[in-house]
Amino acid sequence: MEKYLSLSGNHSSNKRSLEGLSAFRSLEELILDNNQLGDDLVLPGLPRLHTLTLNKNRITDLEYLLDHLAEVTPALEYLSLLGNVACPNELVSLEKDEEDYKRYRCFVLYKLPNLKFLDAQKVTRQEREEALVRGAYMKVVKPKASSEDVAGSPELHYTPLPSASRELTSHQGVLGKCRYIYYGKNSEGNRFIRDDQL
């Protein structure tokens, strides 16, 4: 009887790659990190599964995933979705902040109230209470971009450099002289060297 299964690597993101899991109905831990799984993820009924990690995949539709997990994994207590677009944090996108992540946690706990850990952090009593009261309203809804908007707006890439120095041909440098002279009066580097060793 298998209790733990880990599938890692670069598998294709189709439903067939997880069909074999139906043979492991007593599975308790499943690690599917880094498998390029997308929103078409379909898990079979796994009634004993308590730990599921889906880190670094291509999951974007959080509500669909949570509804599916609530249906097929009733004993789920530990879930990790780090590295997916569905899990908003500053490491995945510069547009996300701590408040986005708090709303995400609240929504996940509303949908999966039995979770004890979410993304390697213990679920607190305060988070659980807030999820009961506000969780349904924490769903992040983005307007769908029309084809004109996508074609008309160029993709901007973040760069720490000032706008004037982004092009290799527009290099500007500064050259100057320094009038500082080091005398070594306060140097600690040579305090153990005697004069006869110089």
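The values are calculated or read from the model by the stated rules, or taken from the named source; none is laboratory data. Fair warning: this is a prediction, and the values are worked out from it, not measured in the lab. Don't worry about glycine lacking a Cβ; one is built from the backbone with ideal geometry, like all the others, and counts go over all protein chains shown. Areas reflect the complete protein model, heavy atoms only, side chains present, ligands, DNA and RNA absent. Shrake-Rupley method; radii C 1.70, N 1.55, O 1.52, S 1.80 Å.
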When ranked by the protection proxy of mean other Cβ atoms within 10 Å per residue, highest first, what sequence do the peptides 72-78, 125-131 form? 72-78, 125-131
Ignoring ligands, DNA and RNA, what percent of the accessible area of the range 4-137 is carbon or sulfur (1.4 Å)? 50 percent
Could you tell me the accessible area of Arg25 in Å² (1.4 Å probe, neighbours in place), rounded to the nearest ten? 130 Å²
Counting pairwise Cα distances across the range 4-137, what percent come out greater than 26 angstrom? 18 percent
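On average, how much accessible surface per residue is there in the range 4-137, in Å², for a 1.4 Å probe, leaving out ligands, DNA and RNA?
55 Å²
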What is the count of Lys pairs in the range 4-137 whose alpha carbons sit under 27 Å apart, if the two are 8 or more places apart or on different chains? 14
For Leu37, which sequence-distant residues (separation of 5 or more, or a different chain) have an amide H within less than 5 Å of its own amide H, given hydrogens modelled in the peptide plane? Arg58
For the range 27-60 and the range 87-129, distance of Cα centres in Å: 17 Å
What list of ³J(HN,Hα) couplings, whole Hz, do you get for the range 66-82 from phi and the Karplus terms 6.51, -1.76, 1.60, once you set θ to phi - 60° and write x for glycine and proline? 5, 4, 5, 5, 4, 7, 9, 10, x, 9, 4, 10, 10, 9, 10, 10, 4
